Amino acid sequence: MKTILISVLGVLMTTQAMAANQPTTLLSDTAVDYHYGMHLDIARVVSHSEIQAACHVVPAELTYEDSNGEQHTVRYQVRGSGCQGS
């Protein structure tokens, strides 16, 4: 579980700077946009969106439960899965 959390946070922090000028496509009306340094109390990952097959920064979402059992969705930017050779 800690490995997943560390991986997700690494992706979030790495892509935040690249995504600053990219338009965001809304995947969910209830999602909160992630910002660098945002505290995420992730006790259990409920679901995550698939990464679009594009060679640029694309939006993704993570739905999780916090330590109180409340469900949250965070939207973040990630490198698309369509890039070859990098």
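No lab work stands behind these numbers, since they all come straight from the coordinates. In this text the structure is predicted, and so the values were computed from the model without any measurement. Neighbour counts run over all protein chains shown; Cβ positions are idealised from the backbone, glycine included.
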Practice item. Would you mention how many residues in the stretch 34-55 are surrounded by 11 or more Cβ atoms within 10 Å (Cβ to Cβ) and over 15 Å from the mean Cα position of the chain (by Cα)? Key: 3
Check your understanding: If a residue has to be in a loop (DSSP other than H, G, I, E, B), under 20 Å from V32 (Cα atoms) and out of contact with any His (no Cβ under 7 Å at 6 or more places or on another chain) to count, how many in the stretch 47-86 make the cut?
Key -> 8
